[in-house]
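**Q** Structure in structure tokens, see below.
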Amino acid sequence: MMKKVLKWTVIVLVALFLLFKFVAQPYLLKQTKKHSPEMTVTHTYQGNDMEVFYCAPYKKDREIFGGLVPYGQEWRTGANEPTTFSTSKDITIHGKTLKAGKYTVWTIPDKNEWTVIFNDKMYDWGVTLMSGGKKTPREPDHDALQIKVPVQTLPTTVEQFTMGFEETDGIALTLAWDTTKVSVPLQ
């Protein structure tokens, strides 16, 4: 009798796991992506192919920095999966070398400056479920480069979180949302 109960318990648990994995999880992911769609931006500068992949949430009348994204706390830099940045050649950022490759991008926003972190480990999701979405899975031992950049206040509101590349006096990776913009100079 006990073997039969154990067998059915295992079958039910496996069925529930498969139902979650192949039905519920894809459905939830699709719903999440509706509100924060995936974006990929590519740019070639002086023979260097660069790409940034991120999920772009909307402001929706919320206070973003200092509110939804608290100051002084690590942010996954977008929504859903961690943002990634790739470069086909070594680049220099604030005098530090970032080797060619693919990195996850994490930020610590503050009112006057942001810390921007390039981490060489790829993570499945941008926050941990055990923290209720308040902490990231980033492992600092995998940080390849960390810099601080000043905040620029924009004259108009950027409704949807946006990342891209700007060529002015060189090339910069830019991040803009609400009335905040930061630029990471790449050489």
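**Q** Can you list the residues, at least 5 places off or on another chain, whose amide H is less than 5 Å from the amide H of L68, using H built in the peptide plane?
**A** E63
**Q** Another question about this same structure. I need K3, K59, K102 ordered by Cβ neighbour count within 10 Å, fewest first.
**A** The most exposed by this proxy come first: K3, K102, K59.
**Q** With every atom except the alpha carbons ignored, what do you get for Rg and Dmax of segment 40-149, in angstroms?
**A** Answer for segment 40-149, Rg first and Dmax second: 14.3, 43 Å.
**Q** What number comes out for the charge environment of Y45, summing +1 per Lys or Arg and -1 per Asp or Glu over other residues with Cβ under 10 Å away?
**A** Here the count lands on -1.
**Q** Okay, moving on. Kindly write out, for segment 112-124 in residue order, the coupling ³J(HN,Hα) from the Karplus curve 6.51 cos²θ - 1.76 cosθ + 1.60 (θ = phi - 60°), rounded to whole Hz, with x marking Gly and Pro.
**A** Using θ = phi - 60°, the values come out as 10, 8, 10, 9, 10, 10, 9, 10, 8, 9, 9, 10, 6 Hz.
**Q** Remind me, relative contact order of segment 40-149 in percent, using alpha carbon pairs under 8 angstrom and six or more residues apart?
**A** 22 percent
**Q** Assuming 0.36 nm per residue, please report the length gained on full extension of the stretch D143 to T168 beyond their Cα-Cα distance.
**A** Answer, rounded to one decimal: 6.2 nm.
**Q** Further question: Could you give the nm distance between label points at Q152 and T9, where each point is 7 Å from its Cα heading toward the beta carbon?
**A** 6.1 nm
Read-outs throughout are calculated quantities, based only on the coordinates presented, and are distinct from any laboratory measurement. These numbers were taken from a predicted model, which means no experiment stands behind them. As a convention, Cβ positions derive from the backbone with ideal geometry for all residues, glycine included, and neighbour counts pool all protein chains shown.
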